[in-house]
1. I need the peptides A:239-251, B:33-45 ranked by packing, meaning the mean over residues of other C-beta atoms within 10 angstrom, with the highest value on top.
2. Stick to Cα atoms and the Kirkwood definition of Rh, then tell me Rg/Rh for the range A:353-420.
3. Using only the Cα atoms of the range A:314-366, what are the Rg and Dmax in Å?
4. Run the numbers on the range A:330-420 and let me know its relative contact order in percent, using alpha-carbon pairs under 8 Å that are six or more apart.
5. Mind jotting down the distance between the C-alpha centroids of the range A:145-224 and the range A:255-298, whole Å?
6. May I ask you to work out the translational diffusion coefficient for the range A:68-199 at 10 °C, viscosity 1.306 mPa s, via Stokes-Einstein with Rh from the Kirkwood sum over Cα pairs, reported in whole µm²/s?
7. Under the √(5λ) rule applied to the eigenvalues of the Cα gyration tensor, what semi-axes describe the equivalent ellipsoid of the protein assembly as shown? Give them in Å, descending.
8. Which values, in whole Å and largest first, are the semi-axes of the equivalent ellipsoid of the range A:92-156 obtained as the square root of 5 times each eigenvalue of the Cα gyration tensor?
Amino acid sequence: MKVITLTGLATAALFLGMGPGAPTAARAQDAPNYCVSCHGALTVERLAAPVARFAQDVHAAKGFGCVACHGGDPSLAGFTGMDPAKGFVGKPAGPQLLQVCGRCHSDAGFMRRYNPALRVDQVAEYRSSVHGQRLTLYRDTLVATCTSCHPAHAIRPASDPQSSVHPLNVARTCSVCHADSTHMAGYRIPTNQLERYEQSVHWVALSERGDQSAPTCNDCHGNHGAAPPGVDWVGNVCGQCHSVMADYFAASPHSAVFTRLGVPGCALCHGNHQIQTASDTLLGVGEGSVCSRCHVEGEGGGIVAAAMRVRVDSLRAAHGVADSLLQRAERAGMEVSQARFDLSGAQTALVQAQAAVHAFSLDSVAQHADEGLQIAAAAAERGHEALGELRFRRIGLTVSTGLILLLIIGVILKIRQIEA
Amino acid sequence: MSPTPKRDLMSNPSSSPNTRRRFVNWLLGTSAGGLVAAVIYPVTRYLLPPEVTESATASVTLPFTVNDVPVNSGKIFKFGSLPGILVHTPQGEFRAFSASCTHLACIVQYREDLSHIWCACHNGHFDLNGRNIIGPPPKPLEAFTVRVSGEQIIVSRGA
C-alpha cells in the first residue's frame, strides 16, 4: 500500500508538481544515459529506432531527453530505471498523451522560456475538437491524438519544410487517417478529401505558386480544434481570406435563406475540398451555371442571374476588345500609353463586378460594370483612332515612296534618252 | 611555258579549271546572297511590328509636386502605360510602387486610416514597404526608386 502510494505520488509529481522537466533533462545529459545506450543497442527496430530519430527532434535540440516524456531515471540501467516509482510511464497513449504533452505545452510560463510566440491552448482546443470529443467522451482510441500529427521522436517546428505540419505537408498528414478507408470505416465520412483537395485551386496556389497563405486542411477545419465547419458559419471560414465576397454575401438575401434551409453558403456553389477557380460560367442560368440549380430562366432570381451575367460578360468583352486594339497600336509604334493606363480602371471594375455578384443584386454588379464599360469604350475609341492614324501614315508612306520611285525611273529614262 | 606541266603537277582531277570556277562562282553567289540577306533582314524586322511590346518605361517625372501629396496620403501616377502609386508616409518619406495589385491587377489605393496600401477588390493589404500582409495578394508590389529634386519627384525602376 505504501509502495502504491509512493508510486502514485511520484507519478503525480511528474505530471503536476515537478512541472516541465527541462532542468532535469539538462542535468541528465551529464550523467550516464542508459535509455540511449540500452535502446540504441537493441535489435528490435521498434525499440531502437526512437534513439536515432530523436536526434533530429526539436525537443532534443532544446536539451530535453527521454525522461521528459517517459519519466523514469536514465542514470539507472535496465528495469531499475524504468520503475513506475521513479515516474516511468512507458509509452503514453490516448488521454495520457494530453497530460504528457500538455504538462509543458499548456504552461505559458514554461513555454515562454523556449518559444514565447507558441500558443499554449492546444490541449484545450483539442478537447473541443471532434477528435478530442470522441477520445474523452467515447474512449475512441482510433482518433488522432498529439503524436498522430506530430510523430513522436521526430517532431520538427511547423516552419521546417520536413515537418509533418508544415503547410505543404498538412494535407498528407491528415490523409494518413482520412484517406484510409479501413481506418475511417466506422465514421461514415468520405475518404477522398486529399484526392479532391489536390485538384483544387488552393493546393495549386500552395504547392505550385508557393503561396503559403493559401489554405490547407487546418485553415478551414482548425488544427488542434479540428471539426467540420458548421452550415451557418462556413461563410466565416471562407471569409477569412475572401472577405469582400463574404461581406457581400452576409448582406444578401441568400444568407438568411441558406441558413434557414440548412445549406452551406459558399460551399453550395463553389464546393469544398475541390474548389476550382471561379469563372463567369458559374453565373447565370446557362450551361454550367450554379444559379440554375435553384432558379429557372425567366423567373425572378433567374432573370437577375442572367442580367448579372450579361453585364459581366459585356465588360469582359469590351475590355478584351479595347486591350487588343491598344496592343496592336502599341506594337505598331503608336503612342497609346495613356489609354492603356486608363484601361487598368476597367480591369479593376471587372474584378469588382465579379465580387459584387455575391450580393445577388443587379444594382451592385451594374454599378461597377457600367463604370468599366465607359472606361473600356473610351480606351477602344482611342485604339481605333491610333490604328486609323497608323493606316493614314502607311498610305502616305506608300504614296510618297511610289512617287519617288516614279521620279527615279523618269530620271533614268531621261538620262538614257540624252545619252542616246 | 605551255599549261601541260601545270596539269601534270596538279594531278588531282577534282582541281580541274571547271571545278575551281564552279567553286569560285558558288563562293561569290553565297557572298552576294548573304549580303542581300544582311540588308533585307534588318529592313524587314524594322518594318514589321515586334511580337511583344518594347521594354517598359524606366523613369518618369511625376506631373505633380511634393506639395500635392500631403503626409499620410497617396497618389496614383502613370508609369509608362501602367499605374503606379506614390505614398507620402506618416514619417515623411516618399515611396513608390506599382499600383497593380499582385492578385488580379486591380488598382490599389492608399488608406489614410490604416496607413496601408489597400486593394478594394478583395481587401488585400500591403505595408509601406509594398509587402503583402493581409488578404489574397500572393506577392509584394514592385517597388520603384523615388528621387525628390526640389519640388519635382522622379520615379524610376531599379536602383
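Every number here is computed from the coordinates shown, using simple stated rules; none is lab data. As the structure is a computational prediction, the values presented were derived from the model and not from experiment. Cβ: placed from backbone, ideal geometry, glycine included. Neighbour counts: every protein chain shown.
1. A:239-251, B:33-45
2. 1.64
3. Both quantities, over Cα of the range A:314-366: 13.6, 44 Å.
4. About 31 percent, as a whole number.
5. 27 Å
6. Approximately 94 µm²/s, per Stokes-Einstein.
7. They are 68, 40, 26 Å, listed from largest to smallest.
8. Calculated on Cα positions only, the semi-axes equal 22, 13, 9 Å.
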